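S.K.: Please find one structure pasted underneath; my questions will follow.
The values are calculated or read from the model by the stated rules, or taken from the named source; none is laboratory data. Bear in mind the structure is a predicted one, so any value in this text is a computation, not a measurement. Here the Cβ positions follow ideal geometry from the backbone for every residue, glycine too, while neighbour counts run over all protein chains shown. Please note that ligands, DNA and RNA were not included when accessible areas were found on the heavy atoms of the full protein model with its side chains. Shrake-Rupley method; radii C 1.70, N 1.55, O 1.52, S 1.80 Å.
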Amino acid sequence: MEEIDYMHLAIELAKQGRGWVNPNPMVGAVIVKHGKIIGQGFHKKCGDLHAERNALANCQTPAIGATLYVTLEPCCHHGRTPPCTDVIIESGISRVVVGSFDPNPMVAGKGILILHSHGIEVIENVAKEECDKLNESFFHYIQTKTPYVVMKYAMTMDGKIATHTGSSQWITGPEARQRVHEDRHRYSAIMVGLGTVLTDDPMLTCRLENSKNPLRVICDTNLRTPLDAKIVTTTNIAPTIIATSIADSSRHLPYLEAGCEIMVISKKDHHIDLNSLMQRLGERQIDSLLLEGGGKLNWSALQSGIVNKVQAYVAPKLFGGNGNTPVGGLGVDYPEGAFQLGKPVITQIGNDILLESEVIPCLPD
């Protein structure tokens, strides 16, 4: 095997922690000695041992003189677990191959410097693009302290997210819906607006085996969520936050009694300030959020600048008529005012196509 192959194996190991390690990064590690893999591991769950320590714990023979392949720069600070640099040095590993640089200010190159200072050879940026992609949510969160927001919607080939009657189940096929549930497990929270609650009465849970449910967030400026809505009556299986501008505690009481949390957020442009909401969620260590709103909320989210990625599932169907579109609101005045997206990644999922593009931030005037 080549060095890139060992790193690819570490990447696949890291993915096994998807959805469980948040707000920590996904990390995989492989230890090789004399051309043979003697240990491997990954970060399994937030608070558990890091990948390097798991790999060393699984070593079949002593790691003295071995090479460690790790997808992310080893940590060098005390957090929920001790520094990984310490155990690497103690193990006698002589060479470390790193995929991604860790932007966490408590690490940010210091881990590599510590290894160098102890005579360990460090090779950087092996499969960097793939390793960076693995932790796009973590990188955003650790630098901004706000969630990485993915705006997701499903539409027909004529750009409709519902028929003229408001019906939207189902636009995409079962394979695409399976992928959505994988993302509900992957990301820490899911957010919709009141309109989606009133129209679809969704559960917003993950329906896969061996998975977790995301934190559910409802944007409800004037606190009109029905008390019999599924998202209110199922707080025993998944937590629910209602973000509202209504500060009257007497209005909050029925929701609190149902097990919901009320988060009072100030208004901006006649609806809750989405930037303030993201800051509050970041303070709760919500590192990532799947936005499954309707056209109105999607427009507000784009205008506020909170969206980092767009996922558009496109089904080979045509609804015609005046059905809803993924992004509503007033819209831009001229084509040059459009929200710009990066080059899309295109994935065929069953009969549907998934287009994924990073949002290109607007430059300040």
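S.K.: In angstroms, what radius of gyration and Dmax does the range 133-198 have, counting Cα atoms only?
M.R.: Both quantities, over Cα of the range 133-198: 14.7, 43 Å.
S.K.: Note down the magnitude of the dipole of the chain about its Cα centre, charges +1 on Lys and Arg C-beta and -1 on Asp and Glu C-beta and zero elsewhere, to the nearest 20 debye.
M.R.: Result for the chain is approximately 660 debye, rounded to the nearest 20.
S.K.: Then there's this: Report the extension gain between GLN178 and LYS44 in nm, rounded to one decimal, defined as 0.36 nm multiplied by the number of residues separating them, less their alpha carbon distance.
M.R.: Going from the current span to full extension adds 46.0 nm.
S.K.: Which listed residue (THR221, PRO103, ALA127) has the Cα farthest towards the positive end of the charge dipole for the range 88-228, taking +1 on Lys and Arg C-beta and -1 on Asp and Glu C-beta about the Cα centre?
M.R.: Of the options given, the answer is THR221.
S.K.: Take each of the peptides 208-220, 327-339, average the number of other beta-carbon atoms within 10 Å over its residues, and list them starting from the highest.
M.R.: Peptide ranking by packing, descending: 208-220, 327-339.
S.K.: Something else: Tabulate in residue order the Karplus-calculated ³J(HN,Hα) for the range 225-230, using 6.51 cos²θ - 1.76 cosθ + 1.60 with θ = phi - 60°, rounded to whole Hz; enter x for Gly and Pro.
M.R.: 4, x, 5, 9, 5, 4
S.K.: Below 8 Å, C-alpha to C-alpha, sequence gap of six or more: please give me the relative contact order for the range 1-75 in percent.
M.R.: Over the range 1-75, the number comes to 31 percent.
S.K.: On to the next question. Taking a ≥ b ≥ c as the square roots of the Cα gyration tensor eigenvalues, with a/c under 1.5 meaning rounded and otherwise prolate when a/b beats b/c, else oblate, which class fits the range 323-364?
M.R.: In terms of gyration-tensor shape, oblate.
S.K.: Over the heavy atoms of MET106, what accessible area does a 1.4 Å probe trace out, to the nearest 10 Å²?
M.R.: Counting only protein heavy atoms, the figure is 110 Å².
S.K.: Give me the net charge for the shell around ILE114: Cβ to Cβ below 11 angstrom, other residues only, Lys and Arg +1, Asp and Glu -1.
M.R.: -1
S.K.: May I ask you to give the average projected area over all directions of the convex hull of the Cα atoms of the range 268-318, in nm² rounded to one decimal?
M.R.: Mean orientational projected area (the range 268-318, Cα hull): 4.5 nm².
S.K.: Could you report the chain's accessible area per residue, 1.4 Å probe, as an integer in Å²?
M.R.: Accessible area per residue: 48 Å².
S.K.: So between GLU336 and THR233, what do we pick up on full extension, going 0.36 nm a residue minus the alpha carbon distance?
M.R.: Gain in length upon complete extension: 32.6 nm.
S.K.: Applying 1/(1 + (r/R0)^6) with R0 = 30 Å to the Cβ-Cβ distance of LEU355 and SER250, what FRET efficiency is obtained, to the nearest 0.05?
M.R.: It comes out at approximately 0.05.
S.K.: A further question follows. From Cα pairs below 8 angstrom and at least 6 apart in sequence, can you work out the relative contact order of the range 1-134, rounded to a whole percent?
M.R.: 21
S.K.: Okay, moving on. Classify the chain as rounded, prolate or oblate from the Cα gyration tensor: take a ≥ b ≥ c as the square roots of its eigenvalues, call it rounded if a/c is under 1.5, otherwise prolate when a/b beats b/c and oblate if not.
M.R.: prolate
S.K.: Around VAL70, with a cut-off of 12 angstrom between Cβ atoms, what is the net charge of the other residues, counting Lys and Arg +1 and Asp and Glu -1?
M.R.: -2
S.K.: For VAL96, what charge total do you get from the other residues with a beta carbon under 10 Å from its beta carbon, if Lys and Arg give +1 and Asp and Glu give -1?
M.R.: Charge balance near VAL96 sits at -3.
S.K.: Using only the alpha carbon atoms of the range 1-107, find the Kirkwood hydrodynamic radius as the inverse mean reciprocal pair distance, in angstroms to one decimal.
M.R.: One decimal place: 13.4 Å for the Kirkwood radius.
S.K.: Same structure again: Using heavy-atom solvent-accessible surface (probe 1.4 Å) with all chains present, what is the largest-first order of PHE101, PHE42?
M.R.: Of PHE101, PHE42, the descending order of accessible area is PHE101, PHE42.
S.K.: Next up: For the range 73-137 and the range 259-301, compute the distance between their C-alpha centroids and round to whole Å.
M.R.: 34
S.K.: Need the full-extension length gain, LYS145 to ILE123, defined as separation in residues times 0.36 nm minus the C-alpha distance. One decimal, nm.
M.R.: 5.0 nm
S.K.: Related question: Pop the C-beta distance of LEU318 and ALA57 into the FRET formula with R0 = 51 Å and round what comes out to the nearest 0.05.
M.R.: 0.35
S.K.: Amide H to amide H under 5 Å from ASN324: which residues, 5+ apart in sequence or cross-chain, H placed 1.01 Å off N in plane?
M.R.: Residues meeting the criterion, in which the H sits 1.01 Å from N, are ILE161, ALA162.
S.K.: Looking at the chain, what % of its DSSP beta bridges pair antiparallel, to the nearest 5?
M.R.: Within the chain, antiparallel bridges account for around 40 percent of the total.
S.K.: What does the C-alpha gyration tensor say about the overall shape of the range 150-292? Classify as rounded when a/c is under 1.5, otherwise prolate if a/b is larger than b/c, or oblate.
M.R.: Since a/c reaches 1.5 and a/b is larger than b/c, the shape of the range 150-292 is classed as prolate.
S.K.: What is the chain's relative contact order, in percent, from Cα pairs under 8 angstrom and six or more apart in sequence?
M.R.: 16
S.K.: Points 7 angstrom from Cα along the Cβ direction at ASP269 and ILE64: gap in nanometres?
M.R.: The two pseudo-label positions are separated by 6.5 nm.
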